[in-house]
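> If you scroll down you'll find the structure; I have some questions about it.
Derivation of every value follows stated rules applied to the coordinates shown; laboratory data play no part. Since the model is a prediction, treat every value here as computed from it, not as a measurement. Methodologically, a virtual Cβ is constructed for each residue, glycine included, from the backbone with ideal geometry; neighbour enumeration extends over all protein chains shown.
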Amino acid sequence: MSKLTGKVAVVTGASKGIGAAIAKALAAQGASVVVNYASSRSGADGVVADITAAGGKAVAVAGDVSKAADAQGIVDAAIETYGRLDILVNNSGVYAFSPIEEITEEHFHQHFNVNVLGLLLVTQAAVKHLGEGGSIVNISSVVSRITPAGSAVYTATKGAVDGITGSLARELGPRKIRVNSVNPGMIATEGTHSAGFIGSDFETWAVSTTPLGRIGQPDDIADVVTFLASDDARWVTGESLIVSGGSR
Ligand SMILES: NC(=O)c1ccc[n+]([C@@H]2O[C@H](COP(=O)([O-])OP(=O)(O)OC[C@H]3O[C@@H](n4cnc5c(N)ncnc54)[C@H](OP(=O)(O)O)[C@@H]3O)[C@@H](O)[C@H]2O)c1
């Protein structure tokens, strides 16, 4: 039997990048997956098609995690479609670097609304349904440890994610629900391509700080998330696990 047979998972921001890889990896282990997207309907449909073609179960569900009604709707879709919820992966995120002189209120609120408020709203909706053995995995970032120049707002959101992870692990531990974060180093995704990170001096610097000598791929993260979502990680909670090829 696969590790996640009979389990139901919600993955936010699963239309592309790291979230898409996580959705496929969880489904490959037998989970039925809600593939959330905000704007990329075709991307989410493609992820669902890949999962079903491989014999898995998935459904695409639209929703902006930073809106409470949408966050509730994403979780409701899991219950309505599959009847239960066991795993939540809070992956949706935005990232734009900005020097201190150029930080605006809009930049601040956009990052905190998606990366922090969105994570809290989806988690709030999910905890009504998660039971003993439930697992929440928050996608943070190694930036909360290496604090790169020009990333104050984004890094602050991921510091918040690490803090929320520790607090919720204590709050939900008595209900036997585990809460961990995975903190990736630089990963080749649609987002890092469109942000101009891939092929830039920033990528060169990132590789230079990485003992394993490359940037990561989405599957490098998805396999670790699958471990934390599974009962193999039954004694792991409140951790922020850096998955960065050794960059820290
Ligand atoms: N790539 C990296 O180097 C790296 C490193 C460390 C941490 N991370 C973290 O990993 C996560 C994924 O990054 P990525 O590089 O895979 O990003 P990406 O390629 O830009 O994909 C972002 C995903 O988030 C979704 N999203 C954005 N705003 C949303 C909202 N308001 N509501 C719901 N979904 C929303 C997008 O949906 P639509 O496309 O449908 O709009 C998309 O599916 C983020 O939390 C990021 O901070 C990434």
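> Taking every eigenvalue of the Cα gyration tensor of segment 1-151, multiplying by 5 and rooting it, what semi-axes result, largest first, whole Å?
28, 16, 15
> OK, next. How far is helix 218-229 tilted off the main Cα axis of the chain, in degrees rounded to 10, range 0 to 90?
For helix 218-229, the angle is close to 50 degrees.
> While we're looking at this one, here's another question. Just the number, please: Stokes-Einstein D of segment 96-175 in µm²/s, Kirkwood Rh from C-alpha pairs, 37 °C, 0.692 mPa s.
The diffusion coefficient I find is 239 µm²/s.
> Across 5 Å bins from the origin, how do the percents of Cα pairs in segment 104-238 run, short distances first?
2, 10, 17, 21, 20, 15, 10, 5, 2, 0
> Cross-link candidates for residue 158: which lysines have Cα within less than 28 Å, leaving aside residues fewer than 8 places away along the same chain?
Partners within reach: 7, 16, 24, 67, 128, 176.
> Tell me, what is the percent relative contact order of the chain, built from C-alpha pairs under 8 Å that lie six or more residues apart?
Value for the chain: 20 percent.
> Only four residue types carry charge here, +1 at the Cβ of Lys and Arg and -1 at the Cβ of Asp and Glu. Report the dipole size of the chain about the Cα centre in Debye, rounded to the nearest 20.
Using Cβ point charges on Lys, Arg, Asp and Glu, the chain gives about 740 debye.
> Along the positive direction of the dipole of the chain (beta-carbon charges: Lys, Arg +1; Asp, Glu -1; about the Cα centre), which of 195, 205, 74 reaches farthest?
74
> Which value in deg cm²/dmol, rounded to the nearest 500, describes the helix-derived mean residue ellipticity at 222 nm for the chain, given -39,500 (n - 2.57) per DSSP H run of n ≥ 4 and division by the residue count?
About -13000 deg cm²/dmol.
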